[in-house]
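Please read the structure below before turning to the comments.
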Amino acid sequence: MTNKLFTDFPFVPEIQNAIKKTGYETPTPIQIQAIPYLLDNRDLIGCAQTGTGKTAAFALPLLNKLAGRKKNMATKNAQSLILTPTRELAVQIAENFKEYGLGLNLRMALAYGGVAIGPQIRSLHDGVEVLIATPGRLLDLMQQNKVSLKFVETFILDEADRMLDMGFINDIKKIISNLPRTRQTILFSATMPKEIEALANSMLINPVRVDVAPPATTAEKVEQIVMLVETAHKRDLLRHLLGKPEFKRVIVFTRTKHGANRVAEVLNKNKISCDAIHGNKSQNARLRSIENLKAGKIQVLIATDVAARGIDIDNITHVINYDIPNVAESYVHRIGRTARAGTEGIAISFCDVEEKSFIFDIEKTIKMKIPVDKKHPYHSVKVEQAPLISKGKAKAQIERTTNERHNKYRKLRKVFGSAKGSTRK
Ligand code: AMP
């Protein structure tokens, strides 16, 4: 627990070299806390969200464990399994494994849905040391007898709370029932709802528990601002902000897929380079958009919560909440995109009358008041003076106006085609 440098950990030289290449100097708190126990082959439950360095916290000890092994893999078997909720996250974890495992010559396979299964079947055929998978596709592969989990020695369940939110809990239980009883199990979750605690109790043996940066403290690293603006002016405010030179690499969050598409259309029309990612986009399109933002080919990525989960892009200058999420946890996840591994960023939330109650709720969760910026040209006194309504009422009201807007938009598209329809909100 007293390690301060990566060189203090007893990693094999190949891993030490790979870490040096990444340029990381000091381990993050979750790494300092978790790595010694994981090297000892202990079960571990980690309360940490993305941005804390948790991937390296589990990847480095696992790679170290695999490094010393003789490579006698049985056909279709996986020696370790990392289960993660989204395809983006799976790809990112795989990138990390490649980076840290450079020089170890390990076999790795990725299994996620939305793409052809054939290449995944082939990559599993000769057995792999590391399998990174999303639950649905993994079950598919298991049912087709294309992979066996009989010899899994290390099982990592990543973002367990998100798995629960996305309805994967039964899939996960099915997968766990196919794992051998003797294994190392590691569970990471940003929050610990009761169901996750129960799952952890049923599958971990005498686990070490490490907690880092509960959402409230992560939020403190981000400069947060609320802008009070009527929904009808949100697009103008967005354009205004994106015209400023400091808004270099921005993620804009919308509540719905349609919202994301509409914002993208408005920005495209205004020659602001952007891509939208959400559940209706193909896996390849989503990955391409993320790459475009990383490479600086686009200024703005517009995303829904699920699509953006786990996205790891360095140097995001601003996160803009075009809509305020009604779940405080989502807010914390969103703004976490701009404060990754110690860097600081700015998160701006566009708030209309109904959304004031969501902000109120968020402020309770993060235990701080978010300052209101009244100096922008679309500041609304009406929103400022509106009384707080209950969260339930606010949700119902937003639902209603979203549906109305969506129907109107659909009708306009029918009449005028997409170009004209896109000018409408
Ligand atoms: P994660 O929480 O695993 O999503 O990691 C968040 C980001 O932190 C990724 O971009 C990692 O590459 C980066 N990272 C992980 N460990 C360190 C470290 N010790 N020092 C600096 N950056 C790190």
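Summary table below
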quantity	calculated
Meets criteria (in contact with a strand residue (DSSP E or B) (Cβ under 7 Å, 6 or more places away or on another chain) and under 30 Å from Arg87 (Cβ atoms)) for Ile359	no
Failed item in (1) modelled with pLDDT of 95 or more; (2) surrounded by fewer than 24 Cβ atoms within 10 Å (Cβ to Cβ), with Thr26 passing the rest	(1)
Residue within region 8-18 that is near the ligand (Cβ under 10 Å from one of its atoms) and either farther than 18 Å from Lys221 by Cβ or touching a helix residue (DSSP H, G or I) at 6+ places or on another chain (Cβ under 7 Å) (or both) present	no
Set Glu291, Glu344: member being in the same structural domain as Thr365 (by TED's automatic domain parsing), part of a loop (DSSP other than H, G, I, E, B), out of contact with any Gly (no Cβ under 6 Å at 6 or more places or on another chain) and within 16 Å of the ligand (Cβ to nearest atom)	Glu344
Flag for Gly114 being within 14 Å of Thr86 (Cα to Cα) and open to solvent by 20 Å² or more (accessible area, probe 1.4 Å)	yes
Given (1) more than 12 Å from the ligand (Cβ to nearest atom); (2) free of Cβ contacts under 8 Å to residues at least 40 places away in the same chain, index of the condition Glu25 fails	(1)
Long-range neighbours under 8 Å by Cβ, at least six apart or interchain, first residue closer than 23 Å to Gly392 by Cβ within region 354-378, second open to solvent by 50 Å² or more (accessible area, probe 1.4 Å) and outside any helix (DSSP H, G or I)	Glu354/Ile389; Lys356/Leu388; Lys356/Ile389; Ser357/Leu388; Ser357/Ile389; Ser357/Ser390; Phe360/Leu388; Glu363/Lys369
Tally, over region 47-69, of residues that are within 14 Å of the ligand (Cβ to nearest atom) and of a type in the set (Lys, Arg)	1
Exclusive hit being more than 31 Å from the chain's Cα centre (by Cα), open to solvent by 40 Å² or more (accessible area, probe 1.4 Å) and either at pLDDT 80 or above or not assigned by TED's automatic domain parsing to the domain that holds Lys234 (or both), set Glu399, Glu384, Glu404	Glu384
Filter pass, Thr84 being open to solvent by 10 Å² or more (accessible area, probe 1.4 Å), assigned by TED's automatic domain parsing to the domain that holds Ile172 and either closer than 23 Å to Lys146 by Cα or of a type in the set (S, T, N, Q) (or both)	no
Count of residues meeting criterion [under 17 Å from Ile290 (Cα atoms) and within 16 Å of the ligand (Cβ to nearest atom)] in region 83-127	11
Flag if Asn315 is part of a helix (DSSP H, G or I) and open to solvent by 10 Å² or more (accessible area, probe 1.4 Å)	no
Condition met for Leu89 (of a type outside the set (Asp, Glu) and either assigned to a loop (DSSP other than H, G, I, E, B) or over 17 Å from the mean Cα position of the chain (by Cα) (or both))	no
Residues that are in a loop (DSSP other than H, G, I, E, B) and either surrounded by fewer than 19 Cβ atoms within 10 Å (Cβ to Cβ) or among the basic types (Lys, Arg) (or both), drawn from region 299-309	Gln299, Arg309
Residue that is nearest to the ligand (Cβ to nearest atom) [pool: residues in region 29-45 that are modelled with pLDDT under 95 and open to solvent by less than 30 Å² (accessible area, probe 1.4 Å)]	Gln31
Subset of region 359-381 (residues that are outside any helix (DSSP H, G or I) and open to solvent by 80 Å² or more (accessible area, probe 1.4 Å))	Lys367, Lys369, Lys374, Lys375, Pro377
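For (1) basic (Lys, Arg); (2) more than 23 Å from the chain's Cα centre (by Cα); (3) surrounded by fewer than 21 Cβ atoms within 10 Å (Cβ to Cβ), each residue gets a yes or a no:
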| position | (1), (2), (3) |
| --- | --- |
| Met163 | no, no, no |
| Arg183 | yes, yes, yes |
| Leu187 | no, no, no |
| Pro193 | no, no, yes |
| Leu204 | no, yes, yes |
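The values are calculated or read from the model by the stated rules, or taken from the named source; none is laboratory data. Keep in mind that this is a model prediction, so the values were computed, not measured. No Cβ is skipped: glycine too gets one built from the backbone with ideal geometry, and neighbour counts run over all protein chains shown. Side chains are part of the model used for accessible areas, which takes the heavy atoms of the whole protein and leaves out ligands, DNA and RNA. Shrake-Rupley method; radii C 1.70, N 1.55, O 1.52, S 1.80 Å.
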